[in-house]
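Q: The structure under discussion is supplied below as structure tokens; questions concerning it will follow.
Only the coordinates and a few stated rules stand behind these numbers; no lab work does. Everything numeric here is computed off the predicted structure, so don't read it as measured data. Cβ sites come from the backbone with ideal geometry, for glycine too, and all protein chains shown count toward neighbours.
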Amino acid sequence: DAGVTQSPTHLIKTRGQHVTLRCSPISGHKSVSWYQQVLGQGPQFIFQYYEKEERGRGNFPDRFSARQFPNYSSELNVNALLLGDSALYLCASSLFQLLLGTEAFFGQGTRLTVV
Amino acid sequence: ILNVEQSPQSLHVQEGDSTNFTCSFPSSNFYALHWYRWETAKSPEALFVMTLNGDEKKKGRISATLNTKEGYSYLYIKGSQPEDSATYLCAFSGNQFYFGTGTSLTVIP
């Protein structure tokens, strides 16, 4: 079985541009959550989606948005990129919502560099 | 915003030594505590999910304990090997994951 896959693995964008990151969960998993990790810090929660509905949102500006598709894959969109958006973006897949203490499996992440 | 703290921030041990790290979290509204092992350029690897006070879990030379009343979890590694070198992250699970900043372990051959 394939694990959680994220694309692209690396990305360089210019300030002000828009970016779309993609995540395919483990087959059968219905929940996807997104995290931002900057150097020296632990991952910070951005969004959780379960059964195609947003079930949680972290403390990120409205420039960050996401959605989940009928096949449970997900996209994270970031508009009007800032230098501070440079980070590793992780996607995690789980069978159920995180609130239920379900195990979550992570992808390798997308390294975004904003110049 | 919940505060999850891990200590120490980094650790260097000799091969064969046993070691342990601490994860501290709020004791209220607890759902689950997760431990992950994260090697550079790889995905975080799930080690344990613990939900009940007093839980003890073991996987090979690695084990973990949970105290939800006082808000801490310990991760133990017995007989450390160079391949154990990684960052160990804990995450407090509510309606999202609240991660600590991790403990970076280096095992010196």
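Q: Hey, could you get me the Stokes-Einstein D for the protein assembly as shown, Kirkwood radius over alpha-carbon pairs, 10 °C and 1.306 mPa s, rounded to whole µm² s⁻¹?
A: Using the Kirkwood radius from Cα pairs, D works out to 89 µm²/s.
Q: Counting other beta carbons within 10 Å of each Cβ, put B:Cys23, A:Cys91 in order, fewest first.
A: So the ranking, lowest neighbour count to highest, is B:Cys23, A:Cys91.
Q: Please report, in Å, the Rg and the Dmax of chain A, where both are computed over Cα atoms only.
A: According to the Cα coordinates of chain A, Rg and Dmax are 13.3, 39 Å.
Q: What spacing in nm lies between the two simple spin-label points modelled at A:Val38 and B:Tyr74, each 7 Å away from Cα in the Cβ direction?
A: Here the answer is 3.5 nm between the modelled labels.
Q: ³J(HN,Hα) across segment A:31-48 via Karplus (A = 6.51, B = -1.76, C = 1.60, θ = phi - 60°), whole Hz, x for Gly/Pro?
A: Result, rounded to whole Hz: 10, 10, 10, 10, 9, 10, 10, 9, 4, x, 10, x, x, 10, 5, 10, 8, 10.
Q: Which loop GluC sites (Glu not before Pro) in segment B:45-103, with loop taken from DSSP, have no more than 14 other Cβ atoms within 10 angstrom of their Cβ?
A: B:Glu70
Q: For A:Leu88 and B:Lys59, what does the FRET efficiency come to when R0 = 30 Å and r is the distance between their Cβ atoms, rounded to the nearest 0.05?
A: E(calc), rounded to 0.05, equals 0.70.
Q: Let me ask something additional. Mark the label point 7 Å from the Cα of B:Glu39 along Cα→Cβ and return the residues of segment B:48-86 whose backbone N is within less than 17 Å of it.
A: Residues passing the 17 Å test: B:48, B:60-62, B:80-86.
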